[in-house]
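Let me begin by presenting the structure, written as structure tokens, before commenting on it.
The values are calculated or read from the model by the stated rules, or taken from the named source; none is laboratory data. The shown structure was predicted, so the numbers you read here are calculated from the model rather than taken from an experiment. A quick note on method: Cβ atoms are made from the backbone with ideal geometry, for glycine too, and the neighbour counts reach across all protein chains shown.
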Amino acid sequence: MARKRSFALLATVAALLACFGPVTEVTASGPATSFPAGGEDHNGAQTLRRLRPYVRTTMEEEDNSSGERGLDKIPGVAKLADMLTPDKQKAANKLFSNLKLHETTANLFESPKFHKWVKSVTKSYKKTPDTANAVIVSTIMAQHGDEALARMLAAAKQTPTTQLFATQLEEVQLANWLTSKKTADDVFKLLKLDDEGVNLFKNPVFSTWVSYATKLDDKNPDTLMFSVLKARYDDDVLADIFIAAKETRSTRRIAARQESILFAKWTSDGKTADDAFKLLKLNPNRDDFLESPAIGSWVSYVKMLGEDPYKLILATLSARYTDEGLASMLVVAKQDHITVSVAAKLEDALFNRWRAQGKSAESVFKLLNLNKAEDKIFESPMLRTWASYVRTLDKMNPDEAMFSVLKTRYGDEVLTDMLIASRKSGTARYDVSGLEEVLLKTWVSDGKTADDI
């Protein structure tokens with residue numbers, strides 16, 4: 001058993017040889033001060049060799065890893081056999097237990113006793129610092145297990161004082177999996193990611209799995225990861241997982257890439273816009289329909305199909321809402337930063353339909369029930385919608401077009417009083433300055449004097 005364990009450690013250290021570069025010290029007061037390779041700190045403590053800057057610290061960075069290698073192709077294996085002494089490993093294990101570090105899982109890397117133990121291990125391998133990190137990982141893994149170690153490392157990577165050292169140890173763990181021929185599926189199970197569901201990307205060790213998958217296939221890691229996920233989840237669940245992950249900055253990019261692979265699969269499977277609508281669980285009968293984060297994903301898919309998503313959404317919503325109801329819903333949606341973008345595009349689609357139907361400024365005024373607003377018209381939230389539509393009809397003189405409709409409805413005197421009242425009250429939802437300018441121009445063209453006014 002000891003011989004087998006030594007061989008496993010040998011394989012791990014050998015796999016790491018090509019990755020080692022500058023060193024990083026871990027002291028009793030806290031880890032992570034860098035020195036030239038093989039150097040010492042101001043206290044004379046032998047430093048730990050640091051992994052190359054290759055180590056990816058977030059899921060969003062690109063990886064140029066070399067991938068798995070056979071032991072027979074790794075130089076220096078025979079020499080390393082002499083470095084691995086069972087007595088030193090036994091001593092490391094004993095001190096770990098004596099310090100009761102086997103009883104600590106939370107914040108292990110912040111424990112002064114842990115720093116003391118690391119320093120002791122480093123000192124034991126001062127002539128062969130390449131093995132120090134591997135021995136540290138081997139000991140922790142023997143006490144707590146692979147999955148627990150991965151969680152400890154993921155947590156330690158979130159703390160500036162332990163981030164670098166934890167990243168180095170994670171590299172050892174990944175190398176150990178490589179030499180053990182573990183697949184991406186094996187490690188997914190080992191890290192107990194199977195039951196995470198929609199919160200998969202939020203799991204702290206998900207990034208560990210991503211790093212390992214990238215080592216296995218640095219050319220197409222996303223394809224490899226998708227194959228593992230697709231074997232576990234149905235398309236609708238996968239879509240939910242990716243949508244949820246896009247809401248978090250640290251996982252947004254990888255989730256978007258996974259979603260793109262899913263959508264490519266849907267297109268090859270011949271899934272229609274309506275199929276995707278159902279898979280994404282979009283429900284136009286819900287009042288918060290436009291607030292669903294799945295809307296953005298569906299829009300992306302429909303665009304892949306070469307169709308107009310906003311025209312399709314509008315047609316779906318029209319089965320439930322009148323045009324006035326639609327316009328009212330969009331007014332509310334445009335006030336929310338989450339829905340403003342899709343609401344604005346839907347409004348454009350609605351305006352396009354109205355123009356295609358030949359609706360005039362006057363007819364839309366009535367459609368939006370602005371004719372019932374009486375002297376409160378400038379306080380109506382629908383006035384801005386009407387003004388926006390009129391601008392699509394008359395881009396050169398929208399204020400004149402609006403004024404014409406208002407003057408016909410209210411008359412010169414009443415309209416003047418309404419404009420004055422809206423400016424005094426400060427409750428107007430619309431900037432009436434353009435209408436006031438048109439009013440002044442009409443007075444001048446009509447030859448009205450100051451006395452007339």
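Structure data summary
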read-out	value
Residues (in a loop (DSSP other than H, G, I, E, B) and over 42 Å from the mean Cα position of the chain (by Cα)) located in region 328-368	358, 359, 360
Any hit, region 417-435, residues being basic (Lys, Arg), touching a residue at least 24 places away in the same chain (Cβ under 8 Å) and assigned to a loop (DSSP other than H, G, I, E, B)	yes
Test result for residue 403, out of contact with any strand residue (DSSP E or B) (no Cβ under 6 Å at 6 or more places or on another chain), outside the structural domain of residue 296 (by TED's automatic domain parsing), in a helix (DSSP H, G or I) and modelled with pLDDT of 95 or more	no
In region 103-119, the residues that are in a helix (DSSP H, G or I) and within 15 Å of residue 165 (Cβ to Cβ)	108, 109, 110, 112, 114, 115, 116, 117, 118, 119
Condition check for residue 90: at pLDDT 50 or above, surrounded by 15 or more Cβ atoms within 10 Å (Cβ to Cβ) and outside any loop (DSSP other than H, G, I, E, B)	no
Total residues in region 355-400, condition among the hydroxyl-bearing types (Ser, Thr, Tyr) and either more than 25 Å from residue 335 (Cα to Cα) or not assigned by TED's automatic domain parsing to the domain that holds residue 430 (or both)	2
Among (1) within 14 Å of residue 149 (Cα to Cα); (2) surrounded by 14 or more Cβ atoms within 10 Å (Cβ to Cβ) - the single one residue 99 does not satisfy	(1)
Residue, nearest to residue 425 (Cα to Cα), within region 373-412, restricted to residues that are among the aliphatic types (A, V, I, L, M) and free of Cβ contacts under 8 Å to residues at least 12 places away in the same chain	373
Contacts under 6 angstrom Cβ, first residue in region 339-367 being basic (Lys, Arg), partner at pLDDT 95 or above, 6 or more apart	345/310
Some residue of region 280-301 being in contact with a Lys or Arg (Cβ under 6 Å, 6 or more places away or on another chain), modelled with pLDDT of 95 or more and either buried (at least 19 other Cβ atoms within 10 Å of the Cβ) or not assigned by TED's automatic domain parsing to the domain that holds residue 213 (or both)	no
Every residue from region 234-276 that is part of a helix (DSSP H, G or I) and either basic (Lys, Arg) or not assigned by TED's automatic domain parsing to the domain that holds residue 291 (or both)	249, 252, 253, 257, 265
Positions within region 172-210 being part of a loop (DSSP other than H, G, I, E, B) and either over 22 Å from residue 157 (Cβ atoms) or over 23 Å from the mean Cα position of the chain (by Cα) (or both), in sequence order	180, 181, 182, 183, 194, 195
Test: residue in region 127-134 that is at pLDDT 90 or above and surrounded by fewer than 22 Cβ atoms within 10 Å (Cβ to Cβ)	no
Hey, residue 149 buried (at least 18 other Cβ atoms within 10 Å of the Cβ) and under 14 Å from residue 212 (Cα atoms) or not	no
